[in-house]
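The values are calculated or read from the model by the stated rules, or taken from the named source; none is laboratory data. The model shown is predicted, which means the values in this text are computed figures rather than measured ones. FYI the Cβ positions are ideal-geometry reconstructions off the backbone, even for glycines, and counts take in every protein chain you see. In case anyone asks, the SASA skips ligands and DNA or RNA and just uses the protein heavy atoms, side chains included. Shrake-Rupley method; radii C 1.70, N 1.55, O 1.52, S 1.80 Å.
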Amino acid sequence: MNTYNPIVALLVFFGVILILYFIFNPKKGLFFKYLKARKETEKTAIEDVLKLLYHDPKTSISTIFDELDFSHSLLLESIDTMLETGLVKKEHELFSLTEEGDEYALRIVRAHRLWEKYLSEKTGFHKTEWHSRAEKKEHELSGEEVEDLSTLLGNPRYDPHGDPIPTKAGQIPEKKGMLLADLPILNFGKIIHIEDEPTSIYKQILAKHIHLHSQVYMKEISENRIVFESEGEQFVLPPIVAKNITVISLDKADVVETDTLRLSNLENNQKATIIGVSKECRGENRRRLLDLGFVKGATVSIDLLNPLGDPKAFLIKGTAIALRKDQAVKILITKA
C-alpha cells in the first residue's frame, strides 16, 4: 500500500522549482542563454550576408549557401528578416543591398579592417591569422568601441593589406592601381594591395615573401606565368595568384630600390649598409629590430652561417644578432 510522504513530496516540489529556475532564470537560465546565443548567431549570419552582398552585389541564394558557413534554414530566416527590415532587396531571384543595407555593411567592413590594423600593429599574431580573428571580432564590437579603436590607431585610412577603411560617415576612397599582370614589361611599379582571400592563394603569396609597398620590375608576362624582380629577388607567379596583387606604375624618377637587396641575400664575407626596415614589418617586431641596431646607415655583415641555413648570425655594431629568414627578408640593404 502506497503512503504519502510529505517530506519526499516537498523535496520533489523544490527540486522541480530548482530545475525550472536553472532553465528559465532571466539572466542565467539555460533557456535564455539559448535565446541569446540564437540571437547572436542570427545577427552574425545577417552581417555576414550583408558583407557578402557588399563585395558581390546581385548574388543568388545558392551562392550565399555556398559562401557562408551557416545552416540553410538560418540563412533563409536571416534573409527574410533583412527583406522585412529593408536591408536587402530581391530582383529576378538575385539579392542586393538597399541603401540602408549598404550603410550597415560598411560599418561591418570598417570594424573588420580596423581590427586587422590593430592585430598588425599592436599584437604578435601572424598575418595569416588577422583575417579569421577579425571575422569574429567585427560582430562583437559596438559602434563606440569601433571609434575608440580608430582613435587608438590614429584614424588609419588603409588596413594592413592595403584595403581602404571606410570612414565613420561611410565614405570609402576609390581603389587605385592595376593588377600586377597589367603592369607593362620593363616597367616599374609598387605593390599597394595584396588580397587576403581566398586564403589558399594568400598563403602562396606569403610563402614567397612578397611584401606590400615593395617596388617591382616587370620582366615577363604570359598565359602561364608572371615574372618580376623586387628587392634583389626574382619571383615567378601563376596568373591566378598574381591576380591578388595590385600595383601602381612608377616613373623612373620615383624608383629608389634599383640597388636594394634583402638582408637574407647577403653572402658571406660581404658588407652592406642598411637602408631601412620594410613597411611590411610592423608593431613589436619592427621595434625589436630597430632596438637591436638594424637602423638606416648601420653596417652589417654575416658573423656566422648556420649549416641548416636558418637562422643566420649577423654582425651589427659589434654584436652578433641571430635572425630567421622571415625576419631578414624585411631588412633592406645595399652592398658596400
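Explain nothing, just compute: Karplus ³J(HN,Hα) = 6.51 cos²θ - 1.76 cosθ + 1.60, θ = phi - 60°, for every residue of the range 44-51 in order, whole Hz, x for Gly and Pro.
These are the phi-based 3J(HN,Hα) values: 4, 4, 4, 5, 5, 5, 4, 5 Hz.
Considering only protein heavy atoms, what per residue accessible area in square angstrom results for the chain with a 1.4 angstrom probe? Mind dumping the intermediate values first?
Numbers: 19760 Å² over 336 residues.
Per-residue value: 59 Å².
Distance in nm between label sites at Ser222 and Ala313, each 7 Å beyond Cα in the beta-carbon direction?
4.5 nm
Which longest uninterrupted range of the chain lacks any chymotrypsin sites (Phe, Trp or Tyr not before Pro) assigned by DSSP to a loop state (not H, G, I, E or B) and surrounded by at most 16 other Cβ atoms within 10 Å?
On the way: sites that count: Tyr4, Phe125.
Answer - 126-336.
Are there GluC sites (Glu not before Pro) in the range 242-282 that DSSP puts in a loop and that have at most 14 other Cβ atoms within 10 Å, and which ones?
Glu267
What is the percent carbon and sulfur in the accessible area of the chain, measuring with a 1.4 Å probe over the protein chains and ignoring ligands? Mind showing how you got there, number by number?
Numbers: 10700 of 19760 Å².
C and S atoms contribute 54 percent here.
Collect residues whose amide H, placed 1.01 Å from N in the peptide plane, falls under 5 Å from the amide H of Arg282; neighbours closer than 5 in sequence don't count.
Under 5 Å from the amide H of Arg282: no residue qualifies.
Under 18 Å from the Cα of Lys175, which aspartates and glutamates turn up, not counting those fewer than eight places away in the same chain?
Result set, ordered by chain and number: Asp56, Asp102, Asp159, Asp163, Glu195, Asp196, Glu197.
Please get the size of the charge dipole for the range 33-140, origin at its Cα centre, with Cβ charges of +1 on Lys and Arg and -1 on Asp and Glu, quoted in debye to the nearest 20. Don't skip to the end; give the middle numbers.
Numbers: 18 positive and 23 negative charges, 120 e Å.
About 580 debye.
With a 10 Å cut-off between alpha carbons and a GNM built on the chain, which of Gly293, Gly318, Gly101 moves the most?
Highest fluctuation of the listed residues: Gly318.
At most 13 other Cβ atoms within 10 Å and a DSSP loop assignment: could you name the GluC sites (Glu not before Pro) in the range 196-242 that fit?
Numbers: sites: Glu220, Glu223, Glu229, Glu231, Glu233; in loops: Glu223, Glu231.
Hits after loop and neighbour filter: Glu223.
Separation between the Glu144 and Val255 pseudo-spin-labels, each 7 Å from Cα along Cα→Cβ, expressed in nm?
Each label point lies 7 Å from its Cα, and together they span 5.4 nm.
So what's the back-of-envelope 222 nm ellipticity for the chain, counting only DSSP H runs of four-plus at -39500 (n - 2.57) apiece and dividing by all residues, rounded to 500? Walk me through the numbers before you get to the answer.
Values: 11 runs with 137 residues, N = 336.
Roughly -13000 deg cm²/dmol at 222 nm, from the helical runs in the chain.
Which of the GluC sites (Glu not before Pro) found in the range 43-108 are in a DSSP loop and have at most 14 neighbouring Cβ atoms, other than their own, within 10 Å?
Numbers: sites: Glu47, Glu67, Glu77, Glu84, Glu91, Glu93, Glu99, Glu100, Glu103; in loops: Glu93.
For GluC sites (Glu not before Pro) across the range 43-108 that sit outside H, G, I, E and B with at most 14 neighbouring Cβ atoms in 10 Å, the list reads Glu93.
Would you please give the residues with an amide H less than 5 Å from that of Ile331, counting only those at least 5 places away or on a separate chain, with H modeled from the backbone geometry?
Hits under the 5 Å cutoff: Leu263, Ser264, Ser278.
Extending each Cα 7 Å along its Cβ direction at Asp291 and Glu121, get the distance between those two points in nm, one decimal.
If labels sit at Asp291 and Glu121, their model points lie 2.0 nm apart.
Using the beta-carbon distance between Ala207 and Thr41 and R0 = 45 Å, what value does 1/(1 + (r/R0)^6) give for FRET efficiency, to the nearest 0.05? Walk me through the numbers before you get to the answer.
Working: r = 35 Å, r/R0 = 0.77.
E(calc), rounded to 0.05, equals 0.85.
Would you mind checking the pairs Lys190/Lys335; Lys137/Lys190; Lys252/Lys296; Lys127/Lys317 and listing those with alpha carbons more than 29 angstrom apart?
Values: Lys190/Lys335 22 Å; Lys137/Lys190 31 Å; Lys252/Lys296 23 Å; Lys127/Lys317 31 Å.
Checking Cα-Cα distances, Lys137/Lys190; Lys127/Lys317 exceed 29 Å.
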